[in-house]
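Okay, structure first, notes after.
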Amino acid sequence: MEQTFVMIKPDGVQRGLVGEIISRFEKKGFYLKGLKMVSVERSFAEKHYADLSAKPFFAGLVEYIISGPVVAMVWAGKNVVVTGRKIIGATNPADSAPGTIRGDLAIEIGRNVIHGSDSIESASKEIALWFPEGVAEWQSNLHPWIYE
Ligand code: ADP
C-alpha cells in the first residue's frame, strides 16, 4: 500500500493540534504505520529540506523546524500522497481551502503546522530518512469497510 511521510511541525505540537491532525487522517481511513515525537538537529532539518536550500526562506524554515519537538508519522492507504496533500491544504494557509488542516488551523506560510510528502518518490526518501528503523506492518480489520 502507498505510504507518505507526515510531520506535525513545532507550532502544531505547541498549539495542541496533534490529536486533531491525527484524527483527520485516521477518520479518512488511512493507516498509521509509524509515529514518534522527535527534536531534530539542525543538520537533519537541513537534510530534510535540502531541495529548498537555495530559497530565501531556507534559514528561517530550518530555525522553525528545530524550534521544538515535531511529530513524525508514516500514513498508508490508496493514493495517500495526493490525498494527504489535499487534507493538508495549500502551502500558504491564506490560499488553503476551509476544511483542510492549514485552511482551518493556520494563518501564515511560515507557521503552517504540518508537512506532507509531495510525491511518491519524496515520500520514500523522507520515510527512509525519518524512520530508518522501519514502520509497523498491519492492516485494520475494518479494511473491507473502507476499501471495496
Ligand atoms: P509544502 O510544505 O506545502 O510542500 P514547500 O515544500 O514549497 O511546501 O515548502 C516547505 C515549507 O517551507 C512550507 O511548508 C513552509 O513552512 C515553508 N515555506 C515555503 N514557502 C515559504 C515562504 N515563501 N516563506 C516562508 N516559508 C515558506
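List of remarks:
- Percent carbon-and-sulfur accessible area, the chain, ignoring ligands, DNA and RNA, probe 1.4 Å: 54 percent
- Using the rule -39500 (n - 2.57) for each DSSP H run of four or more residues, divided by the residues of the chain, the 222 nm mean residue ellipticity is -10500 deg cm²/dmol.
- In the context of the full set of protein chains, region 8-90 has a per residue accessible area of 50 Å² (1.4 Å probe).
- Rotationally averaged projected area of region 1-54 (alpha carbon convex hull; nm²): 5.0 nm²
- Mean Cα-pair separation over length for the chain, i.e. relative contact order, pairs under 8 Å, 6 or more apart, %: 35 percent
- Size of electric dipole in the chain: Cβ of Lys, Arg +1 and of Asp, Glu -1, about Cα centre, debye, nearest 20: 180 debye
- Built amide H within the under 5 Å cut-off of K33, gap 5+: V74, W75, A76
- Three-way shape call for region 39-148 based on the alpha-carbon gyration tensor, with the a/c threshold at 1.5: oblate
- Projected label points at A59 and K125, each 7 Å from Cα along the beta carbon direction, are separated by 2.4 nanometres.
- Between the residues A59, H48, P10, the greatest Cα displacement towards the positive end of the dipole of the chain, with unit charges on the Cβ of Lys, Arg, Asp and Glu, is found for P10.
- Phi to ³J(HN,Hα) by Karplus 6.51 cos²θ - 1.76 cosθ + 1.60 over region 79-92, Hz, x for Gly, Pro: 6, 5, 5, 5, 5, x, 5, 5, 5, 6, x, 4, 3, 8
- Entries in K78/K125; K27/K47; K27/K125; K47/K86; K36/K125 that, when Cα-Cα distance is taken, lie over 23 Å: K27/K47; K27/K125; K47/K86
The values are calculated or read from the model by the stated rules, or taken from the named source; none is laboratory data. These numbers were taken from a predicted model, which means no experiment stands behind them. Counting neighbours? That spans all protein chains shown, and the Cβs are built from the backbone with ideal geometry, glycine included. Note: areas computed on protein heavy atoms with side chains; ligands, DNA, RNA excluded. Shrake-Rupley method; radii C 1.70, N 1.55, O 1.52, S 1.80 Å.
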